1. Scan the stretch 290-298 and tell me whether some residue there is more than 15 Å from Ile255 (Cβ to Cβ) and open to solvent by less than 30 Å² (accessible area, probe 1.4 Å).
2. So which residues in the stretch 123-139 are more than 14 Å from ligand 1 (Cβ to nearest atom), part of a strand (DSSP E or B) and of a type outside the set (Gly, Ala, Ser)?
3. Given the conditions (1) more than 23 Å from Asp333 (Cβ to Cβ); (2) of a type in the set (D, E, K, R); (3) touching a residue at least 24 places away in the same chain (Cβ under 8 Å); (4) touching a helix residue (DSSP H, G or I) at 6+ places or on another chain (Cβ under 8 Å), report the number of the one that Asp116 does not fulfil.
4. Going through the stretch 36-90 one residue at a time, which ones are of a type outside the set (Ser, Thr, Tyr), in a strand (DSSP E or B) and within 15 Å of the chain's Cα centre (by Cα)?
5. Is there a residue being open to solvent by less than 80 Å² (accessible area, probe 1.4 Å), in contact (Cβ under 8 Å) with a residue 60 or more places away in the chain and either away from ligand 3 (no atom under 16 Å from the Cβ) or of a type in the set (S, T, N, Q) (or both) anywhere in the stretch 275-283?
6. Select, from Ala46, Ala79, the only residue that is open to solvent by 10 Å² or more (accessible area, probe 1.4 Å) and at pLDDT below 95.
Amino acid sequence: MREATQDAVSRVDEDRLWRRHLEMAEIGAIPGNGVNRAAFSSEDIAARKRLIAWARSRGFSVSVDDIGNLFVRRSGLDARAAPVMTGSHMDSQPRGGRFDGIYGVLAGLEALEAIDAAGAKTQRPIELVAWSNEEGGRFAPCTMGSAVFSGARPLAEFLNVRDNEGVVLRDALRTTLAATPDAAPHAFATPVAAYVEAHIEQGPRLETEGKTIGVVTGIQGLRWFDVEVFGESAHAGTTPLNVRRDALCEAIAIINALHALTRDGDDALRFTVGRMLVTPNSPNSVASHVLFSVDLRHPDPATIGRLGDAVEPTVRGAVRQCDVKVTPTLRDDPCMFDSGVADAIEQAAAGLGIASMRMPSGASHDAMYLARVCPTGMIFVPCERGVSHNEAENAKPEDLAAGARVLTATLMELANR
Ligand code: GLV
Ligand code: MN
Ligand code: MN
């Protein structure tokens, strides 16, 4: 490992990194040690302001694009060279933990500060990015910011999405952008030399195998749908069952049919209905309308393709008296990360004497969209018992710091290529 890289790595400050996690966890703190920091909420805005303040105090420049992706740049020797990027997201699940997403942002900032403190020169700029609305828990679908930045989907497609309270994304985004008026404008689809994202594993493998670093090989495929069932509201005490058009009753039949479709002896398939809105949502009215989400994942492209295509026919085959509408909201094919970036991460870990293993990701990440436009990789660190999307999500300060050290060394290597 080059001397400049060793020097930068030695400046990674475990205490500062941990303290910043605790400070960010104050924003949107919920009982049970968790965090609720929905995309484009007042908590999201507070987190953005905090990140900007930390970045500016070090002299890094800050910019923001039209979907609110926030960029923090440390200059390189060649101002015209495409940057090496790192980052993740600051929004959380409604009952999320203190590490999902924010770790990748804070580890990236730590790397930038460590490189800066060492006075290291890199050929390329290094840019930290906090992607907007990665979770999709408030405004579906997920990974919106990186989808728009990478050119995979147009911003216009998302502007009319509503949250559960009826707030339109366009308005929440406008408020968010207005809260950081002095951030310079950043364009979409600017060239990126390489992208490396650090994240907690969100599964138990690293802990079980006693390894500190996961070198991520790729991400399984994902398909999302909104299913709407249209029935008719009626009096619960008087309306005979055989004349009802009960949207909730039929939604349950549909979900059971989807469970049967996705039964998998290998337990590789993931099927989740995690969101349901019932109208009028009253104990003594038959439901007139139900909207529920479908989240389907599998690592094999043919399997996820076949099952995703079977969702709508299965839904239609399960309804009796109601009408249905199936809207696909997300389709991400399985992605394989760049072997050169994986090698760089693996060599960085080995050079630092940190035990690593290669592994796929079951969770989706913004890296999936960056992989379409530049060589991309991810660094996983262990989290306690693999618990995530849960208030109890936990990770060890020393593992977070180890991941930040590997990230620092990897960025130094990629930014000098
Ligand atoms: C991201 O949180 C995902 O749904 O995998
Ligand atoms: Mn995440
Ligand atoms: Mn998440």
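The values are calculated or read from the model by the stated rules, or taken from the named source; none is laboratory data. Only a predicted model underlies this, so the values are computations on that prediction, with no experimental measurement involved. Neighbour counts run over all protein chains shown; Cβ positions are idealised from the backbone, glycine included. Surface accessibility is based on the protein's heavy atoms, side chains included, excluding ligands, DNA and RNA. Shrake-Rupley method; radii C 1.70, N 1.55, O 1.52, S 1.80 Å.
1. In the first step, residues of the stretch 290-298 are kept if they are more than 15 Å from Ile255 (Cβ to Cβ); the result is 297-298.
Filter once more, keeping what is open to solvent by less than 30 Å² (accessible area, probe 1.4 Å): 298.
Among the residues of the stretch 290-298, at least one is more than 15 Å from Ile255 (Cβ to Cβ) and open to solvent by less than 30 Å² (accessible area, probe 1.4 Å), which makes the answer yes.
2. Ile126, Glu127, Leu128, Val129
3. So Asp116 meets the others, but not (4).
4. So in the stretch 36-90, the residues of a type outside the set (Ser, Thr, Tyr) come out as 36-40, 43-56, 58-60, 62, 64-74, 76-85, 87, 89-90.
Still in the running and in a strand (DSSP E or B): 62, 64, 70-74, 84-85, 87, 89.
The answer is Leu70, Gly87, His89.
5. Within the stretch 275-283, one or more residues are open to solvent by less than 80 Å² (accessible area, probe 1.4 Å), in contact (Cβ under 8 Å) with a residue 60 or more places away in the chain and either away from ligand 3 (no atom under 16 Å from the Cβ) or of a type in the set (S, T, N, Q) (or both).
6. Values: Ala46 fails: at pLDDT below 95.
Selected residue: Ala79, the only one of Ala46, Ala79 that is open to solvent by 10 Å² or more (accessible area, probe 1.4 Å) and at pLDDT below 95.
One line per residue, one yes/no per condition, for (1) within 14 Å of Gly308 (Cα to Cα); (2) surrounded by fewer than 19 Cβ atoms within 10 Å (Cβ to Cβ):
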{"site": "Leu222", "(1), (2)": "yes, no"}
{"site": "Phe225", "(1), (2)": "yes, no"}
{"site": "Val229", "(1), (2)": "no, no"}
{"site": "Glu232", "(1), (2)": "no, yes"}
{"site": "Ala236", "(1), (2)": "no, yes"}
{"site": "Leu241", "(1), (2)": "no, yes"}
{"site": "Asp246", "(1), (2)": "no, no"}
{"site": "Arg263", "(1), (2)": "yes, yes"}
{"site": "Ala268", "(1), (2)": "no, yes"}
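A quick yes/no check of all residues on (1) under 19 Å from the mean Cα position of the chain (by Cα); (2) outside any strand (DSSP E or B):
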position	(1), (2)
Thr327	no, no
Asp343	no, yes
Gln347	no, yes
Tyr369	yes, yes
